[in-house]
């Protein structure tokens, strides 16, 4: 997994990596699933969120607890070096009472046996070394405690959009050469205006093609993010020094490649039908019981993930 890219992403302050609505948190069927799970937990539950990122599930858990007038002791672990309190806007208030543990692998957690009464995870378990992670999760759970996970489904809208975004990434860099065109144009504009004119004509034609792709897409957001960044660089070329422009260009290209790496991680982690049965078998071998899994649908046409519920054996 491309850990530095995920750490950079969480530092931007986004609460989730795959929003399901216009807000920066989970909505719809996924939010309802988590609200039901957290509502089923007893007062004073000690809850552990695996792969917490910037704390999307702790936020829902806190909201449900407030509505029920119960308390929860909430911890979140992530392999990335996260700090939601500092990195999320108003984080100190939002996450009051939540303890985050950055740089902690799900396969090796710093908790005593049976420390928690419940474990959850959204788009997290599939990124781990699953047999080892499941054994460790079982270790830190008290006997007969509940565990609930949502995993990426290989046929979900999230995975489908990611695959389309990766096709767009390839189109943008390998076929259209958008970054290379801009770099070459700026260099030629400084030294060879006739060559710059030729590059500009080629660049204009290719950018029109990319904008058509973006307008035709129903799910990919990659071009919608990268194309304005390229346009902004084009405008800045006249006001920045060569050194400043090169730095801005490198930063934009690095951000694009980081987004591409995260999409590759997502597609690689997504689970098909055979994969979810394998995970269920791995959970059983780790000591879990009452294991149930099923697709999670937003509506009859929109698949958003796998739901996995189980209980720690005695």
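Rule-based calculations on the coordinates, nothing more; no lab input. Note that this is a predicted model, so its numbers are computed, not measured. Using ideal geometry, Cβ is built from the backbone for each residue, glycine included, and neighbour counts are taken over all protein chains shown.
Some points to look at:
- 10 °C / 1.306 mPa s Stokes-Einstein diffusion coefficient of segment 254-314, Kirkwood radius on C-alpha pairs, µm²/s: 116
- Normalised by 2.2 N^0.38 Å, where N is the number of residues, the C-alpha radius of gyration of segment 29-140 stands at 1.01.
- Estimated FRET transfer efficiency (residue 200, residue 83; beta-carbon r; R0 41 Å; 0.05): 0.40
- Where only C-alpha atoms are counted, convex hull volume of segment 133-205 per residue in Å³: 150
- Cα-based Rg of segment 56-209 normalised by 2.2 N^0.38 Å, two decimals: 1.61
- In the chain, the ratio of gyration radius to Kirkwood radius, Rg to Rh, stands at 1.05 when only Cα atoms are counted.
- Compactness of segment 158-267 is given as radius of gyration and Dmax, 14.5, 45 Å, from Cα positions.
- Length released on extending from residue 11 to residue 218, taking residue separation times 0.36 nm less the Cα-Cα span: 71.7 nm
- GNM flexibility winner over the chain from 273, 205, 298 (Cα, springs under 10 Å): 205
- Nearest-ten-degree value, helix 273-286 long axis tilted from longest Cα axis of the chain: 40
- Beta bridges by DSSP in the chain, antiparallel share as percent, to the nearest 5: 40
- Rounded to 10°, Cα long-axis angle of helix 130-140 versus longest principal axis of the chain: 40
- When each of the peptides 210-217, 119-126 is scored by how many other beta carbons lie within 10 Å of its residues on average, the order from highest to lowest is 119-126, 210-217.
- Principal-axis tilt of helix 28-39 within the chain, Cα atoms, nearest 10 degrees: 30
- Using the average count of surrounding beta-carbon atoms within 10 Å as a protection proxy, the listed peptides 227-238, 75-86 rank, highest first, as 75-86, 227-238.
- Burial ranking of peptide ranges 144-150, 48-54 (average Cβ count within 10 Å, highest at the top): 48-54, 144-150
- Over the chain, DSSP H runs of length four or greater, each weighted -39,500 (n - 2.57), average out per residue to a 222 nm ellipticity of -16500 deg cm²/dmol.
- Annotation for residue 68 and residue 99: the two label points, set 7 Å from Cα along the Cα-Cβ direction, are 2.1 nm apart.
- Burial ordering of 245, 100, fewest other beta-carbon atoms within 10 Å first: 245, 100
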